[in-house]
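In what follows, a single structure is set out as structure tokens and then discussed.
Bear in mind that the values in this text are calculations on the coordinates, not laboratory data. Computed from a prediction, not measured in an experiment: that's the story for all the values here. Cβ sites come from the backbone with ideal geometry, for glycine too, and all protein chains shown count toward neighbours.
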Amino acid sequence: MPDERSPADIIAESAGPKAAVATDRSPSAEPDELSPRLANARDMIVTEHVDKWFGDFQALDDVTLNIKEEEIVVILGPSGSGKSTYIRCLNRLEEHDAGRIVIDGIELNEDVRAMQAIRSEVGMVFQQFNLFPHLSVLSNITLGPQKVRHVPKLEAEALAMQLLERVGIPEQADKFPAQLSGGQQQRVAIARALAMQPKIMLFDEPTSALDPEMIKEVLDVMQELAESGMTMIVVTHEMGFAREVADRLVFFDEGALVEQGTPEHFFTNPREERTKLFLSQIL
Amino acid sequence: MPLFYRRGFRRLLQQGLYVAATGLLFWYIYDALNLREFGFGFLSDPAAFKVANQWLIDIDGVTNSRITMYLVGVWASLRVVFVAILLSTVVGIVVGVSRLSSNWLVARMAMLYVEVFRNTPLLVQVVLVYAIFLVGAPIIQEVLNIGDFAFVSNRGVAIPWPVPDAGLWGLPDWGVGVWVALLIAIGAVAMTVRRQRQDRERATGQPQYGNRWAFGIFAVGALVTFIVLGLPVSIDRPYVEGTRYLEGMVIRPEFAALTIGLTLYTGAFNAEIVRGSIQALPRGQTEAANAVGLSAYQRMTLIILPQALRQMIPSITNQYLNVNKNSSLAYAVLYDDLFRVAGIIQNKAGHALEMFFVIIVTYMLISLVISAVMNLVNARVTRVGV
């Protein structure tokens, strides 16, 4: 069922009741001051009162969160808090059960065209890389552009090589994923997602499966990406990255959005007891 | 150090004992065979018996040698194995994918099929299908006539069959060969055009409709040969005379029972292999394919199947080898396969040892061919280019 309102309406509407939403929820959900550079940015992702159930288990509990264009949001929370489920709902790897999700003016609903449109706008990087093991590094990256966007082969390969240069491993183009280290594989995965020229990048614990010495090379790529103006949502436990790169930190617990604010707010003066407890355990 | 406790001596001793024991065994076999006048000369004597299958080679069964009759049996086995392998693969893929269906009824039906046919003996299934055929189909006097086109009775199903014919302009029989060669050449041209168009599609990103072009070229080419050459085969329609089918192609109940039994039984195992190989892939592969934006069909053909086939082919090959070996259950429905014909020869001529030697070598040869073909298939399907 296509939404009859125009994207602009949806955005205007979703931007409007933000203050109201904050008042009828716990005070911690009140949006804290944003980076000045985002003051006039439009909302890229709008999620309102999103619920998600796995059988009897409520994975997301009334999550309302709007994300600006070019904003870098880092999502924190203990395991099982719903942070991965939240970003997986954003490109419909999971279907939300209630509430509204609007990505760049397109509402996610039963309409398969909306899902297709979203998926080519939203890139995703997984904890376990999920490269295609039967395809070369180059083919992993060119597959999407060639098959979904119908980009000519030579053009797709040129783009793929550019992206491999950008993530620092052009010399690995003809190898297979299994021949690469974890850090290299994750950088290929980032290149694969970027090849679809997405407006939004989702990172689901991108460094959690990596050996410690490989974490930095992946974080460096992500930082460079953030500086290039990509809208990014990152689920991670890398506090250094969160402090340096994020515009906003969001804390999830038991499926609910507990607290959000700037890195400074989080690391100096968290408001909620649950946030304090979590940060004391992780820092 | 005493010699007996040296490692080198121990190894030498063990190997020496092994060589001696093997030598003794072979000497015994050689001696025993000598006593029995081991030899294959009897195979070239006249057979003096008939078998039901006369396909491929014209035989009378009286003057033909025993080895010829045996080869007729081998051919009969090969036909069953070939058809059962093809059909069981189709059944396996369809049922295996159905078991993963989100449709409750489809998934349960597939599961029921698998559990029934995987857990009952093949012999029972073959005999049951045969019995259903013999009891369920009408007797030949009350043959079911489908528009004078096909006939069904418990003697089998008779269908029309093409036979080579003299073509237009009084071409002799080999006109058929010319026609077939022309069709193959046209097919080759069509495939070349298809490949060129696919290459161009990859290079430019613009759809080039390779399949449509190939199909069009082949259809037009075939039509032209038909107009020029005429149809150099005629269709041989079957008819019933007395208690026999004449002409046409007769699918006998013995062949049908064995083939259907093997297909159902092996299909159930193949279905489990297909399901298992797809399920064994990490969920992340599906998710990554979705995240990249591939359609369900692209996901299946570009990501899931190429990887699942790698896992599937060794197990499926085992099932094909089982089809080959299980085809010897032809014995139960009196289908004249190689094992049954060998049994008849053995009854008439003795030489059981030689006959079993021949039987074993034949089955092994067929198995080796199946394995070799599957190795080629394996090498082909696991190579994927984008």
Report summary line: Percent relative contact order for chain A, counting Cα pairs under 8 Å at least six residues apart, stands at 26 percent
Requested in this report: Rounded to the nearest 10 degrees, what's the angle between the helix A:273-282 long axis and the longest principal axis of chain A, both from Cα atoms, 0 to 90?
Outcome: 30 degrees
Query - Amide proton proximity set for A:N66, modelled H, under 5 Å, gap of 5+ - result: A:T47
Requested in this report: Quick one: which residues, 5 or more positions from B:G156 or on another chain, have an amide H under 5 Å from its amide H? H modelled 1.01 Å from N in the peptide plane, none for Pro or chain starts.
Outcome: none
Requested in this report: Working from the alpha-carbon coordinates of chain B, get Rg over Rh, Rh being the Kirkwood radius.
Outcome: 1.06
Report task. Going by C-beta contacts inside 10 Å, put A:L76, B:L229 in order with the fewest on the left. Result -> B:L229, A:L76
Query raised in the report: Rounded to a whole number, what is D in µm²/s for the protein assembly as shown from Stokes-Einstein with the Kirkwood radius over alpha-carbon pairs (4 °C, 1.567 mPa s)?
Result: 41 µm²/s
Report task. Could you please state, rounded to a whole Å, how far the C-alpha centre of segment B:100-165 is from the C-alpha centre of segment B:26-49? Result -> 42 Å
Requested in this report: First select every other residue whose beta carbon is under 14 angstrom from the beta carbon of B:A137; then total the charges, Lys and Arg +1, Asp and Glu -1.
Outcome: 0
Query raised in the report: Looking only at GluC sites (Glu not before Pro) in DSSP loops with at most 11 other Cβ atoms within 10 Å, what is the longest site-free stretch of chain A?
Result: A:111-283
Report task. Rounded to whole Hz and in sequence order, give me ³J(HN,Hα) for segment A:144-153 from the Karplus expression 6.51 cos²θ - 1.76 cosθ + 1.60, θ = phi - 60°, writing x for Gly and Pro. Result -> x, x, 5, 7, 9, 9, 6, 7, x, 4
Query raised in the report: Relative contact order for chain B using alpha-carbon pairs under 8 Å, separation at least 6, rounded to a whole percent?
Result: 22 percent
Requested in this report: Could you tell me which helices of chain B pass both thresholds, a Cα extent of 15 Å or more along their own axis and a mean Kyte-Doolittle hydropathy of at least 1.0, with helices taken as whole DSSP H runs?
Outcome: B:66-99, B:104-118, B:122-136, B:210-229, B:352-381
Report task. Report the full-extension gain for the segment A:Q58 to A:Q162: residue separation times 0.36 nm, less the Cα-Cα distance, to one decimal in nm. Result -> 33.2 nm
Query raised in the report: Calculated from DSSP H runs of 4 or more alone, at -39500 (n - 2.57) each and per residue, what is the 222 nm mean residue ellipticity of the protein assembly as shown, nearest 500?
Result: -17500 deg cm²/dmol
Query raised in the report: By DSSP, what percent of the beta bridges with both residues in the protein assembly as shown are antiparallel, rounded to the nearest 5?
Result: 70 percent
Report summary line: Sorted by chain and number, the residues with a modelled amide H under 5 Å from that of A:V125, at a separation of 5 or more or across chains, are A:L202, A:F203, A:D204
Query raised in the report: Given the alpha-carbon gyration tensor of segment B:46-152, what are the semi-axes of its equivalent ellipsoid in whole angstrom, ordered largest first, with each equal to the square root of 5 times an eigenvalue?
Result: 37, 21, 14
Query raised in the report: Taking B:K348 as the anchor, which lysines have their alpha carbon closer than 16 Å to its alpha carbon, excluding any fewer than eight residues away along the same chain?
Result: B:K50
Report summary line: Expected sort for B:L305, B:L353, A:L131, B:L223 with the fewest Cβ neighbours (10 Å cutoff) up front is B:L223, B:L353, B:L305, A:L131
Query raised in the report: What ranking do A:T262, B:T63, A:T85 get, fewest neighbouring Cβ atoms within 10 angstrom at the top?
Result: B:T63, A:T262, A:T85
